[in-house]
Amino acid sequence: ADSKRSYHEFKKAGASFLEAPVSGSKVPAEQGTLIFLTGGDREVYDQLESHKLLAAMGKKSLFLGSIGAGAKMKIAVNMIMGSMLVALAEGIVLCENNELKASDLLEVLDNGAMANPMFKLKGPKMSESSRAYDPHFPLEHAQKDMRFALLMGDQGDRPTALPVAAAANELYKAARASGHARDDFSAVVEALRDHTDKKL
């Protein structure tokens, strides 16, 4: 909504406008490997691309359509990321509660079809022996994006059921309520540990 308001204000003033939210957090920003998710005036995007301005800050840029398309894509991407991390958290706690090492789980994942940079980066820090949650992407922001995704599912062009995201959102809410709002979103694993401790 904010992007659309800004877009129309710029157009009234005779200017062009391009929204450009990014996929990526602290480390990709520092490394210049962000992904730009753009929407708005195609001619602005083409001009930026011709001068390689976005390439100076990111590894990839996509033009996704009219104003608002970039923000919607970012919400969808962050919803998937948040749900994936909850699945990893469940796997780590399941292993730790059944005499298996989190490090062995992560090695199995890293050598199979589910290998991905996020698991490799976040997984070791989520283990019970580490529990290191220096905020690269604060948990409160991850939970906000999960909430936005659910709203988009309810209020978008076509209603979309998001049962996995809804369940993941509840876990982020629990982690947030237990004091992890400003920790990295990988601290969501602590909500599962809290649940385990309460059942013992």
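The values are calculated or read from the model by the stated rules, or taken from the named source; none is laboratory data. For clarity, every value in this text was computed on a predicted model and none was experimentally measured. Cβ sites come from the backbone with ideal geometry, for glycine too, and all protein chains shown count toward neighbours. Ligands, DNA and RNA are excluded from the accessible area calculation, which covers all protein heavy atoms including side chains. Shrake-Rupley method; radii C 1.70, N 1.55, O 1.52, S 1.80 Å.
What per residue convex hull volume, in Å³, comes out for segment 82-198 when only alpha-carbon positions are used?
Values: hull volume 13.1 nm³, N = 117.
Each residue corresponds to 112 Å³ of Cα convex hull volume.
Of the GluC sites (Glu not before Pro) found in segment 30-111, the ones in coil according to DSSP and having at most 14 other Cβ atoms within 10 Å of their Cβ are 99.
Across segment 106-171, counting alpha-carbon atoms alone, Rg and Dmax equal 15.2, 45 Å. Helix 163-175 and the longest principal axis of the C-alpha atoms of the chain enclose an angle of approximately 70°. Solvent-accessible surface (1.4 Å probe) assigned to residue 7 amounts to roughly 40 Å². Rounded to 0.05, the FRET efficiency of the residue 181 and residue 158 pair, given R0 = 35 Å and the Cβ-Cβ distance, is 0.60.
Look at where the Cα atoms of segment 125-200 and of segment 1-68 average out, and the two centres are 28 Å apart. Taking the chain as a Gaussian network of alpha-carbon nodes connected by springs under 10 Å, the highest mean-square fluctuation of the residues 76, 20, 87 belongs to 87. Over 21 Å apart at the Cα level, from the set 4/173; 11/144; 74/144; 4/74; 52/144; 122/173, are 4/173; 11/144; 52/144. All distinct Cα pairs of segment 153-194 go into the 1/r average, and the inverse of that average, the Kirkwood radius, is 11.3 Å. Computed from the C-beta positions of residue 62 and residue 5, the FRET efficiency with R₀ = 22 Å rounds to 0.45. Its Kirkwood hydrodynamic radius, worked out from the mean inverse distance over all distinct Cα pairs, puts the chain at 18.5 Å. Remark on segment 60-114: hydrodynamic radius 13.6 angstrom, per the Kirkwood mean of 1/r across alpha carbon pairs. Using the Cβ-Cβ distance between residue 12 and residue 118 with R0 set to 45 Å, the FRET efficiency from 1/(1 + (r/R0)^6) comes to roughly 0.65.
With the convex hull of its Cα atoms as the shape, segment 31-133 has an orientation-averaged projected area of 8.0 nm². Estimated at the nearest 10 Å², the accessible area of residue 52 is 140 Å² with a 1.4 Å probe. Sorting 178, 186, 50 by accessible area puts them as 50, 178, 186; the probe is 1.4 Å, largest comes first, and only protein heavy atoms count. Report the residue, chosen from 57, 81, 114, that carries the largest GNM mean-square fluctuation when the chain is represented by alpha-carbon nodes joined by springs under 10 Å. Between 57, 81, 114, it is 114 that shows the largest mean-square fluctuation.
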